[in-house]
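The values are calculated or read from the model by the stated rules, or taken from the named source; none is laboratory data. Since the model is a prediction, treat every value here as computed from it, not as a measurement. For neighbour counting, all protein chains shown are included, and Cβ atoms are generated from backbone atoms with ideal geometry for every residue, glycine included. Surface areas here come from the heavy atoms of the whole protein model, side chains and all, with no ligands, DNA or RNA. Shrake-Rupley method; radii C 1.70, N 1.55, O 1.52, S 1.80 Å.
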Amino acid sequence: MDLINVDYREKIPNNVNLTEDRRVLKALEGWHPGYLDWWKDMGPDGFQEALVYLRTAVSVDPKGWAKFDYVRMPEYRWGILLAPQEEGRKVPFGKHLGEPAWQEVPGEYRAMLRRLVVIQGDTEPASVEQQRHLGKTAPSLYDMRNLFQVNVEEGRHLWAMVYILHKYFGRDGREEADELLRRRSGSDDAPRMLGAFNEATPDWLSFFMFTFFTDRDGKMQLESLAQSGFDPLSRTCRFMLTEEAHHMFVGETGIGRTIQRTCEAMVAAGVEDPADIARVRSLGVIDLPTIQKKLNLHYSLSLDLFGSEVSTNAANAFNAGIKGRFRETSIDDDHRLESSTYPVLKYVDGEIKLVDEPALTALNMRLRDDYTRDCAKGIERFNKIVERSGVKFRLALPHVAFHRQIGEFKDVEATPAGVLLDAAAWAKQRDNYLPSAADGDFIASLMKPVSEPGKFASWISPPKVGIDNRPGDFEYVMIAA
Ligand SMILES: [Fe+2]
Ligand SMILES: [Fe+2]
């Protein structure tokens, strides 16, 4: 790729009139080579030359915002697209409620806004780094394509946040944009900012759990930033949400197809007891109790992303009109929350109790509750798959006190049912609740790549429909292109 003569006006699909915005265009031109270096170092390992059937966002028209075509990932057109400006939009909450939404950063909230943009921006490249080895063990070309789609879109989300930094935050924005390319998931000296984004994603079930649980946290964060009184941030996040939906689709259908395959194999072999792990595993599928353990792990890691249940930062961001609640505008209350309360689950005198807290400081808890409800609906859809097969087993979300590193429960241990345990009992039980080294080894043993079009690994069912309505044997990735 000719980096010097790239025509950036053509190269970056955008609806922000970049051609006319010389300063920002120049800043992005300066940032692009470092981004490509990062992509080549930390993006999908071993597939940079492959032709991948990808969708590219080319407009924000809800009826046709993306086009599909074969692309080499380093040549993907990472664009900058903001949802259309809403005429006369007002700040929808906090102490500026009803004032016109800001088109520029309000000076007094500059530091707070920059921090929120940087934290969001940091998660985007982190997940690409976490997933970079997975292409080599893809259970099918269909799944491989979905992985790469998620990866290039997380790259685009990084572009979206970097655009905001360059456009609205001057020199310190530029420095932050460079730092986003310097930190690395799991690094000792320059780790990513949030815990879950420094964990390994060692296998495809982890990837599906990550896109189900952690991308869904992303959805909740984007939904609350989409409410922001700072209009460019709101518009950016609204468009990112259209892409995010596909990431969660990948997670949900990935877990669902794994469960489906396990149940089918059990029924075909006449295995009635889901706890007969050795027999189920001998069928070349992942037993349901291990799927439950993976779910326990990823849900608890994702809960930590919501921060402390009681938080003055969250209250300040809401008061300032910077970060709202999930679907703020459809909530029927005063949108100021100065005198209301919200029940928070806390650890008090050795017990787990619901305690009323001022609603403003309890905003993280509230967003987390919305998240939990969203997750629970997905779990019910998984249980329907199990039920339909006739297998007797139910998956469930673990208690919020289970396996936490952040917030009220970080210093205690609890079972997935929410019963408190002392350290010795936890150590004894841990491998019954979370994936053990042996579970990891077993899953790893199933991760054999399948690259023949229309074929799938032993442990996962084919999807019901193809991407972009392509037939079952479509060659989603031309590996040796
Ligand atoms: Fe993202
Ligand atoms: Fe995502």
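Yes or no: Asp349 open to solvent by 70 Å² or more (accessible area, probe 1.4 Å) and in contact with a Phe, Trp or Tyr (Cβ under 8 Å, 6 or more places away or on another chain)? Answer is no for this residue. Looking across Ala396, Ala320, one residue alone is small (Gly, Ala, Ser) and within 30 Å of Tyr109 (Cα to Cα). It is Ala320. The number of residues in region 389-413 that are without any contact (Cβ under 8 Å) to a residue 24 or more places away in the chain and outside any loop (DSSP other than H, G, I, E, B) comes to 1. Residue count for region 443-481 under the criterion of being farther than 20 Å from Gln149 by Cβ, open to solvent by 30 Å² or more (accessible area, probe 1.4 Å) and part of a helix (DSSP H, G or I): the result is 2.
Of all residues in region 131-159, those that are in a helix (DSSP H, G or I), within 16 Å of ligand 1 (Cβ to nearest atom) and not small (Gly, Ala, Ser) total 13.
Within the option set Arg368, Arg336, Arg325, being open to solvent by less than 30 Å² (accessible area, probe 1.4 Å), basic (Lys, Arg), at pLDDT 95 or above and part of a loop (DSSP other than H, G, I, E, B) holds for one residue only, Arg325. Sub-7 Å Cβ pairs linking a first residue in region 463-481 that is free of Cβ contacts under 8 Å to residues at least 60 places away in the same chain and more than 14 Å from Leu51 (Cβ to Cβ) to a second residue that is open to solvent by 60 Å² or more (accessible area, probe 1.4 Å) and part of a loop (DSSP other than H, G, I, E, B), at least 6 apart or interchain, are Gly472/Pro462, ordered by first then second residue. Scanning region 287-309 for residues that are buried (at least 18 other Cβ atoms within 10 Å of the Cβ) and over 23 Å from the mean Cα position of the chain (by Cα) turns up Asp287, Leu288.
Restricted to helices (runs of 4 or more DSSP H) entirely inside region 190-286, those with at least 3 residues that are more than 16 Å from ligand 2 (Cβ to nearest atom), surrounded by 24 or more Cβ atoms within 10 Å (Cβ to Cβ) and at pLDDT 95 or above are 231-269. Taking region 410-442 as the range and being over 25 Å from the mean Cα position of the chain (by Cα), under 23 Å from Val285 (Cα atoms) and open to solvent by less than 50 Å² (accessible area, probe 1.4 Å) as the test, only Phe442 passes.
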